[in-house]
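Down below is the structure, laid out as structure tokens.
The values are calculated or read from the model by the stated rules, or taken from the named source; none is laboratory data. Predicted model only: the values in this text are computed from it and were never measured. Please note: Cβ atoms are built from the backbone with ideal geometry, for glycine as well, and neighbour counts cover all protein chains shown.
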Amino acid sequence: MSCFTRNIIVTGGAGFIGSHAVRLFVNKYPEYRIINVDKLTYAGNLANLKDLENASNYIFVRADICDFNLMNELMTEYNVDGIIHLAAESHVDRSIKDPFTFARTNVLGTLSLLQAAKNTWRGDWENKLFYHVSTDEVYGSLKLDGGLFTETTRYLPHSPYSASKASSDHFVRAYHDTYGMPTLVTNCSNNYGPYQFPEKLIPLFINNIRHEKPLPVYGKGENVRDWLYVEDHVRAIDLIFHQGRVGETYNIGGFNEWRNIDLVRLLVSTVDRILGLKPGTHEYLITHVSDRSGHDLRYAIDSTKLKQELGWEPSLQFVEGLDKTVHWYLTNQEWINRITSGSYRAYYEEMYGNL
Ligand code: NAD
Ligand code: DAU
């Protein structure tokens, strides 16, 4: 007989957001057992969770969510009553080069987990929950003066990544509507913070500034993103997992829109200041390159529903969050050096080798 009050699988827990979610749940809820199921793709890194290695309520299982038989076994073996599903292929540029991998993990992997949960729970939905972590990219692109994404905005994905996430969201809702499975879906805006893989804008650029390498801004840099500190995102996940209305969708965002070029300038001056240089010293590294195919112009989330129903708001001002983030990358150089010395080199060469 287990002494834990809940047994929760977190998928993708060795990735960026997943590692913050696992840390929050393991530390805040010693009465829960957290089972981190992660395939450890290029983006998964157990170094992100080093501090939890000896936690008695934490288990790591290396597994592919597409392995349906194994997902069934894990559900039974650990008597799982909750799933927080973050595992995914998450980088838009990679999805443009290799859409099949995105369809496999994001669509079929989600379906495999849903079906394993359905098989195991067998219609006994009491105290069960399938929580699916999704993205604002499923809504497509906004005009510069075109309002905000709400929970009822029509899905209109443009990249293979966002198309695969949209499909997975539909499957989750289908399991709720067809079988009655208790589900929740959240769509969040761009996250930033420690442990983000340096293929994404902010960690890529911090690392490039450190090495005095060009900062490849796609197109004119006029695209707009809505940035949220990762710990604010996982605080929202915690709240919604425990208090969200089952079957609902919640948008999570920062009310913090930045044009890429303005963000890059702020990032450069933040890194420069922290390095003890005159802010702006590294602006000469900014290099405009060909635009991303199908590049969405603007994302911006309206998270009023979450605020009104559950009282959630972002806690960190962007300048403060960016400061913390830059400090973290500059003081955790071993973490980034280990990543960038491996297969990352080939990826970087293919993406940015001509700069
Ligand atoms: P990430 O790429 O950093 O991590 C993904 C994790 O999933 C990795 O640990 C990887 O090993 C694991 N994984 C991939 N394929 C797997 C498979 N087949 N089986 C098991 N594990 C597998 O991603 P992230 O940025 O932390 O994003 C996590 C989730 O949040 C994703 O679902 C993403 O769509 C969503 N999301 C991300 C953002 C963002 O800004 N990063 C914003 C909104 C939503
Ligand atoms: O909105 C949520 C999404 O945010 C998540 O669902 C995705 O998983 C996550 O990767 C992120 O997607 P983006 O494509 O917005 O993030 P990325 O960091 O790749 O790019 C941010 C912006 O910066 C985007 O407009 C493209 C631009 N960019 C990015 C890179 C990597 C550049 O100009 N140059 C670059 O080299």
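Observations, loosely collected:
- The residues in segment 339-354 that are modelled with pLDDT under 90, more than 26 Å from residue 46 (Cα to Cα) and either surrounded by 12 or more Cβ atoms within 10 Å (Cβ to Cβ) or within 23 Å of the chain's Cα centre (by Cα) (or both) can be counted, and the count is 0.
- Residue 87 meets each of the listed conditions (1) away from ligand 1 (no atom under 12 Å from the Cβ); (2) among the aliphatic types (A, V, I, L, M); (3) in contact with an Asp or Glu (Cβ under 8 Å, 6 or more places away or on another chain) apart from (1).
- Residues satisfying the stated conditions in segment 1-36, i.e. modelled with pLDDT under 95 and either within 16 Å of ligand 1 (Cβ to nearest atom) or farther than 21 Å from residue 117 by Cβ (or both): 1, 3
- Failed item in (1) away from ligand 2 (no atom under 16 Å from the Cβ); (2) touching a Lys or Arg at 6+ places or on another chain (Cβ under 6 Å), with residue 190 passing the rest: (1)
- Screening segment 136-157 for residues that are within 11 Å of ligand 2 (Cβ to nearest atom) and surrounded by fewer than 22 Cβ atoms within 10 Å (Cβ to Cβ) and picking the one that is farthest from residue 101 (Cα to Cα) gives 141.
- For the criterion of being in a loop (DSSP other than H, G, I, E, B), out of contact with any helix residue (DSSP H, G or I) (no Cβ under 8 Å at 6 or more places or on another chain) and in contact (Cβ under 8 Å) with a residue 24 or more places away in the chain, residue 241 fails.
- Residue count, segment 274-287 (criterion: within 28 Å of the chain's Cα centre (by Cα) and more than 16 Å from ligand 2 (Cβ to nearest atom)): 1
- Condition check for residue 176: in a helix (DSSP H, G or I) and either surrounded by fewer than 21 Cβ atoms within 10 Å (Cβ to Cβ) or out of contact with any helix residue (DSSP H, G or I) (no Cβ under 6 Å at 6 or more places or on another chain) (or both): yes
- Conditions (1) under 22 Å from residue 98 (Cβ atoms); (2) within 18 Å of the chain's Cα centre (by Cα); (3) not in a helix (DSSP H, G or I); number of the one not met by residue 132: (1)
- Residue 217 being more than 21 Å from the chain's Cα centre (by Cα) and aliphatic (A, V, I, L, M): yes
- Note on segment 233-252: among residues that are buried (at least 21 other Cβ atoms within 10 Å of the Cβ) and closer than 14 Å to residue 321 by Cβ, the one that is farthest from ligand 2 (Cβ to nearest atom) is 234.
- Output for segment 212-236, where each listed residue is assigned to a loop (DSSP other than H, G, I, E, B) and under 27 Å from residue 275 (Cα atoms): 212, 213, 214, 221
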